[in-house]
Amino acid sequence: MRRTLSSAILAVFAVLLQLHVSMTASDPAQESFLQCLSDHSQSSLPISSVTYFPNNSSYTTVLQSYIRNLRFISSTTPKPVFIVTPTHVSHIQASIICSKIHGLEVRIRSGGHDYDGLSYVSHNPFIIIDLFKLRSINVNIEDQSAWVDSGATIDGATDIVYQWQYVADKMHEDLFIRVVVLPVNKKSHQTVKAKFVALFLGNAENLIALMDQSFPELGLSGKDCIEMSWIESVLYWSNYAIGTSLDVLLVRQPDSEKFLKKKSDYVQEPISKTGLEGIWKKMMQLRKPALTFNPYGGKMSEISESETPFPHRSGNIYKIQYSVNWKEEGVEAADQNLDRIRMIYDYMRPHVSKSPRGSYLNYRDTDLGTNSVGNVSYSEASVWATKVSLLKKPSIVISR
């Protein structure tokens, strides 16, 4: 039963259902929709208690609770006709059935990396199914400790990053080493800083021995490591200061922090030293975007592309995440920062995957293209998706 429920929920994650009849959220329409939801859900689990229309006092709070990007929290941002926060799979099923009947588009919000707001914004009449209450996790593992590299800064960024490319996807499956490259803007000069941040599932002695064998160029020693439990490493990777109380993990609705834009690429051949130097110069010129290199390989490469709904398996050395954040409000600041990240993305074209150029789907980058309003043909969709897997069902299309 547990597997059946998980499969049903994952199936909802995988598609956005676009339905094509308009509806105004007047009171009669709300009553009609609530009746539909009630008719198609279990009476023992009333869906009305987890349904929020705009006239509900909690509507705005629920809507904004998981919006992390200030670009999509303005008064002009399109709002859903209503929000459902299901506590049971029947609530999801009822919401989709009734949305189809009433001609509403469905947006699924489940956390993750929805940087461009596609899980909670649409220019067509829509609803949000917010899955934040479906969060039970059953874990049964032996007590282990995690060793986290404290993130040493390397002056010779080019040489060390160049070498990292040749070992990143071949290291032990219990070791993950990420590289974060940041422009450093000082009055006297400009440079870039490369930080190597790692997670190792084991003890320090084994980690250092492993690094001496597979990546001695980093020069790792015991003083570079911090011992912590696995749950404490979750805080570390969430950018909390070491020593922060674990209680912060119980705060599920942090405030929106910043305006942001993120993009992605895949690297399948190591970038040359000359290529890396050119990237550093471009970053210094633009002053703002940061690059994060996340290695693949390991367990990732052992699983075939067809085994799970994740195509980025073997053949990719690492993924690049481009990111730019800003706090200034207004169109001018937004345009400047969006231009910066798009320029570094365009500059990277010779160094990343080709024919087609790959991108991580879950980062939801609308620069790659979106469907127009209404029915969309394969030829139109192929602008942003060279490879499309289309599951044909009556009145259902895949929306982006």
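Values quoted throughout were computed directly from the atomic coordinates according to the rules given, and no laboratory measurement underlies them. Computed from a prediction, not measured in an experiment: that's the story for all the values here. When we count neighbours, we look across all protein chains shown, and the Cβ atoms used for this are built from the backbone with ideal geometry, even at glycine.
Inter-label distance, Thr274 to Met300: 2.8 nm, where each label sits 7 Å from its Cα along the C-beta direction.
Once both labels are positioned 7 Å from their Cα atoms along Cα-to-Cβ, the gap between Ala209 and Ser48 label points is 6.5 nm. Scalar couplings 3J(HN,Hα) for the range 357-370, obtained by applying the Karplus form with A = 6.51, B = -1.76, C = 1.60 to θ = phi - 60°, are 6, x, 8, 7, 3, 6, 7, 6, 8, 6, 4, 6, x, 9 Hz; x denotes Gly and Pro. Using R₀ = 25 Å, calculate the FRET efficiency as 1/(1 + (r/R₀)^6) where r is the Cβ-Cβ separation of Glu217 and Ser245; round to 0.05. In this case the efficiency is close to 0.10. Straightening the chain between Lys186 and Asp346 buys 55.0 nm, computed as 0.36 nm per residue apart minus the Cα-Cα spacing. With a simple spin-label model that places each label point 7 Å from the Cα along the Cα-to-Cβ direction, the separation between Ser238 and Asp159 comes to 3.9 nm.
Checking every one of the trypsin sites (Lys or Arg not before Pro) in the range 175-230 against DSSP loop status and a limit of 16 other Cβ atoms within 10 Å picks out Lys186, Lys187.
Along the axis of the charge dipole computed for the range 265-379 (Cβ charges of +1 for Lys and Arg, -1 for Asp and Glu, origin at the Cα centre), the listed residues Leu291, Thr308, Gln336 are led at the positive end by Leu291. With contacts defined as alpha carbon pairs under 8 Å and 6 or more residues apart, what's the relative contact order of the range 24-107 in percent? Rounded, it is 38 percent for the range 24-107.
Return a whole-number percent for the relative contact order of the range 145-362, with Cα pairs under 8 Å and 6 or more residues apart as the contact set. Before the final figure, lay out each step's value.
On the way: 352 pairs, mean separation 56.8, N = 218.
Relative CO of the range 145-362 lands at 26 percent.
Sparse packing (at most 16 other Cβ atoms within 10 Å of the Cβ) combined with a DSSP loop state is found for the following chymotrypsin sites (Phe, Trp or Tyr not before Pro) in the range 216-290: Tyr240. Once the chain from Thr61 to Ala333 is taken as fully extended at 0.36 nm per residue, the excess over their C-alpha distance is 95.2 nm.
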